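One structure below.
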Amino acid sequence: MTEIIQPIVGRSIASVQSGGLDDGYQELVIAIIKQAEKDYEGVLLRLFSRPTGTKRMGLLKEKAELEDFFHSQWYQTLTEVDGDKLIELARLNAVEKAKVSIRRKQKKKLKEMEKAERANIRQ
């Protein structure tokens, strides 16, 4: 089974620009970036389901806004973690999560088919 890639946020945020930041602010910075990464993965997962119309447009807008954040001056002020690297990692994680979900659904469907086959054999 493929393992979900560990986010770099928890590890690399030690590179938060901590010039005088106390622990509370540093935790806030970490939480902001982790939430943005989680939101980005979530948007990608929802886009994988191929929504249409206004739902798709809303997700594409949200994706673009998050990518803008990862490339923003504010993001660079918060951390030295490369925004493009974080985006790529989030994409990889979203793909792996989608694969796990697909495998789970296929396994469930296979069990249902086997159960139906056994029921047919008994009759």
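In the stretch 50-102, which GluC sites (Glu not before Pro) fall in coil by DSSP and have 14 or fewer other Cβ atoms within 10 Å?
Working: sites: GLU62, GLU65, GLU67, GLU80, GLU88, GLU96; in loops: GLU80.
Hits after loop and neighbour filter: GLU80.
Can you run phi through the Karplus equation (6.51, -1.76, 1.60; θ = phi - 60°) for the stretch 42-51 and list ³J(HN,Hα) in whole Hz, with x for Gly and Pro?
Karplus values, whole Hz, x for Gly and Pro: x, 4, 4, 4, 5, 5, 4, 7, 6, x.
For the stretch 24-115, compute the orientation-averaged projected area of the C-alpha convex hull (one quarter of its surface), in nm².
Quarter of the Cα hull surface area: 7.7 nm².
In whole Hz and in residue order, list the ³J(HN,Hα) couplings for the stretch 85-93 that follow from phi through the Karplus curve 6.51 cos²θ - 1.76 cosθ + 1.60, θ = phi - 60°; x for Gly and Pro.
5, 5, 4, 4, 5, 5, 5, 4, 5
Just the Cα atoms of the stretch 23-63: what Rg and Dmax do they give in Å?
In order Rg, Dmax, the Cα atoms of the stretch 23-63 give 13.6, 44 Å.
Could you order peptides 43-54, 102-113 by the average number of other Cβ atoms within 10 Å of their residues, highest first?
43-54, 102-113
Heavy-atom accessible area of ASP39 with all protein chains present, probe 1.4 Å, nearest 10 Å²?
60
The values are calculated or read from the model by the stated rules, or taken from the named source; none is laboratory data. Since the structure is predicted, the reported quantities are computational estimates derived from the model, not experimental observations. Every residue, glycine among them, receives a Cβ derived from its backbone with ideal geometry; neighbour counts consider all protein chains shown. Side chains are part of the model used for accessible areas, which takes the heavy atoms of the whole protein and leaves out ligands, DNA and RNA. Shrake-Rupley method; radii C 1.70, N 1.55, O 1.52, S 1.80 Å.
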